[in-house]
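Report on the following structure.
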Amino acid sequence: MSDTLSSRSLAWRHAGWGALIAVAAAPVAAAVVALVYRFPVPLSGYTSGFGSTWAAVVGSIFYLVLGGAIVLGILGAAGGFLAARIGGADARLRWWLTGTLAVLVALLGAISLAVLEWFVGAW
């Protein structure tokens with residue numbers, strides 16, 4: 001019974017860290033997407049290139065405040081929970097998977113904003 005409780009608390013710990021990492025990595029992910037492709041900056045339109053990375057960071061913080069932190073937090077927590085389940089007893093694997101999945105969640109969130117126009121039309 002104690003193994004089950006410690007396994008559950010471990011999974012919740014990784015879920016919390018996954019949520020935190022995903023939200024914290026969102027501005028960096030937005031800058032990378034703006035550098036490589038483009039990123040929608042509120043009240044400014046799409047921006048791309050090296051000079052637009054700071055605008056993408058500020059834009060991503062705006063999106064986080066408007067509710068993106070909740071979405072990224074939930075998805076990052078799911079990734080952390082999954083990482084704890086997959087990693088099993090290997091602590092290094094669990095933490096590596098938690099960080100990797102959380103950063104991937106942030107990157108996919110930034111990419112989804114960059115290509116949202118393809119699915120909903122111009123905004």
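Worth pointing out:
- Linear extension gain, residue 112 paired with residue 7, 0.36 nm per residue minus alpha-carbon span: 34.5 nm
- Accessible surface of the chain, 1.4 Å probe, proportion on carbon and sulfur as whole %: 74 percent
- Both the radius of gyration and Dmax for the chain are 16.3, 56 Å, in that order, over alpha-carbon atoms.
- Cβ crowding within 10 Å averaged over residues, with 62-71, 24-33, 42-51 ranked highest first: 24-33, 62-71, 42-51
- Over the chain, accessible surface divided per residue gives 60 Å², non-protein components excluded, 1.4 Å probe.
The values are calculated or read from the model by the stated rules, or taken from the named source; none is laboratory data. Here the structure is a predicted model, which is why all the values come from computation and not from measurement. We place every Cβ from the backbone using ideal geometry, glycine too, and count neighbours over all the protein chains shown. To get the accessible areas, we keep the full protein, side chains included, count just its heavy atoms, and leave off ligands, DNA and RNA. Shrake-Rupley method; radii C 1.70, N 1.55, O 1.52, S 1.80 Å.
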